[in-house]
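Reviewing the structure listed below.
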Amino acid sequence: MSAENLAGKWTRKCGRTLFDSITCVVFLFLDFLDAVLCVVFKLVDEFFEGNACTPCYCGKAGDKNGENKETEMLSESLYGRKYMLRNMGFLGFARKWRIYRKKKDDRDGSVNEGLMVNRWSDCGCQSCVSWMKKGYDQKLHVVVKNLPQVGRGDEAAENVIFLHGFLSSSSFWTKTIFNNLSACVKDHYRLFAVDLLGFGRSPKPNDCMYTLLDHVERIDKSVILPFHLNSFHLVAHSMGCLIALALAAKYPKFVKSVTLVAPPYLPCAKDGATTSLMALNTFAGKTLWPPLAFGKSVMSWYEHVGRCFCFLFCRNHRIWEMTLKLFTLRRELNFMEVDLTRHTHHSAWHNMHNVICGGAKLMDKYLEILNKSRSVKVCIIHGDHDMEVQLDCSNNMKMKFPELVELNMIENVDHTSVILGRVREFAKSLEHIWASS
């Protein structure tokens, strides 16, 4: 080996060591900061909300044992996240404070009357709390387009349910695909774009764990039952793909096709807890670079640091939107800019862990149900430059269920441009899938 090659190899090794050291120091600091904020939020929540405050997940994995059935559905990633300070100082104080408050409430006869009230750290504007109005049935917000006229012949209307991804809303479909479908589709298809539970204009309850079953139940009550759907197509992006597969597994005889765009799929390990933790490390692993990946890791690993971010940006989203309009000289913001802050920390945190991470261990079960039904075709569309959900996720699903899954890999597009960068082509692809089902 030449001296030049040896020097280059040594430089790269030193650079990697330095980067790893900085990463370790940064996340050690975040461990400490999250532990401090855990105590701060406990005290502030107690002051503003009393015994109605929502517990955090800073305890050990064993702390959830013995609780109700709903708790058993929580993702192992909530308690299984490894912290250097998990068994030290502040976290121990927080657990003791929770135990103390519980004993005091039991002595005083206090009862948690539910968490329908808006939290002090969440936005209280009309748009964010409209679902709390008296008499509101807490159904999901659904945009319905292109209702075919009754009596146009013997052919019944086709139904399509669109499910968006993480930190998004129904606007992801209504502002793009809905406007680019052909006249034939508009005449014969009913389109339902759903704001998933916890996002957009749909309810964001603080007493909900946002599991896959919660999402399926709300879609049942908001779309399938009210509109009497006995057959439908499903189109989903990112996180919505997991919900779509859960919904399809519940109604395998009703579903005509399932189109998944960048599904966050991982082959299920024998131990479900391993799969959930693997999903957390795969889709939000601890890293400093690139910046977007660092932001995802902070928001997914550090519950209280993430809540601080939501307090600053989501609670004050109207101020940030007004500021952005002022500096960009725009009357209207892009729907993606608006959707980014239209959620609560509680809803985003639990959707990340209980749907994306916790749902990973259930995907093989759902796909096996569809595979046995032999009546549903699953079509995957995935960009080869996707850095959010690696192409390996779709390849693994295709390899495990070759007869069920059809994979279309699109070149030179990423996680969002696979749709937004080629809207017309994507709309034509959907029409072809629906027509051939």
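Does Phe29 fit the bill of being open to solvent by 100 Å² or more (accessible area, probe 1.4 Å), within 23 Å of Met299 (Cβ to Cβ) and in a helix (DSSP H, G or I)?
Judged against the criteria, Phe29 is a match.
Take Ile224 and decide whether it is β-branched (Val, Ile, Thr), touching a strand residue (DSSP E or B) at 6+ places or on another chain (Cβ under 9 Å) and under 15 Å from Lys139 (Cβ atoms).
Judged against the criteria, Ile224 is a match.
Counting just the residues of the range 134-184 that are modelled with pLDDT under 80 and closer than 15 Å to Ser222 by Cβ, which one comes out least open to solvent (accessible area, probe 1.4 Å)?
Gln138
Among the listed residues Gly306, Gly295, which satisfies the condition of being in contact (Cβ under 8 Å) with a residue 12 or more places away in the chain and either in a helix (DSSP H, G or I) or open to solvent by 20 Å² or more (accessible area, probe 1.4 Å) (or both)?
On the way: Gly295 fails: in contact (Cβ under 8 Å) with a residue 12 or more places away in the chain.
Matching residue, one of Gly306, Gly295: Gly306.
Could you list, in sequence order, the residues of the range 314-334 that are under 19 Å from Gln126 (Cβ atoms) and either open to solvent by less than 30 Å² (accessible area, probe 1.4 Å) or in a helix (DSSP H, G or I) (or both)?
Result: Cys314, His317, Arg318, Ile319, Trp320, Glu321, Met322, Lys325, Leu333.
Within the range 178-221, how many residues are in contact with a strand residue (DSSP E or B) (Cβ under 6 Å, 6 or more places away or on another chain) and either assigned to a strand (DSSP E or B) or among the charged types (D, E, K, R) (or both)?
Total satisfying the criteria: 6.
May I ask you to say which residue of His233, His228 is closer than 16 Å to Leu191 by Cα, out of contact with any Leu (no Cβ under 6 Å at 6 or more places or on another chain) and open to solvent by 10 Å² or more (accessible area, probe 1.4 Å)?
On the way: His233 fails: open to solvent by 10 Å² or more (accessible area, probe 1.4 Å).
Result: His228 is the single residue among His233, His228 that is closer than 16 Å to Leu191 by Cα, out of contact with any Leu (no Cβ under 6 Å at 6 or more places or on another chain) and open to solvent by 10 Å² or more (accessible area, probe 1.4 Å).
For the range 397-426, which positions are over 21 Å from the mean Cα position of the chain (by Cα), closer than 26 Å to Asn371 by Cα and in a helix (DSSP H, G or I)? Spell out the reasoning first.
Keep residues of the range 397-426 that are over 21 Å from the mean Cα position of the chain (by Cα), which gives 398-413, 421-426.
Adding the requirement that they be closer than 26 Å to Asn371 by Cα leaves 398-410, 426.
Those that are over 21 Å from the mean Cα position of the chain (by Cα), closer than 26 Å to Asn371 by Cα and in a helix (DSSP H, G or I): Lys398, Met399, Lys400, Phe426.
The values are calculated or read from the model by the stated rules, or taken from the named source; none is laboratory data. Predicted, not measured: the structure shown is a model, and the values here were computed from it. Cβ coordinates were reconstructed from backbone atoms using ideal geometry, including for glycine residues, and neighbour counts include every protein chain displayed. Surface areas here come from the heavy atoms of the whole protein model, side chains and all, with no ligands, DNA or RNA. Shrake-Rupley method; radii C 1.70, N 1.55, O 1.52, S 1.80 Å.
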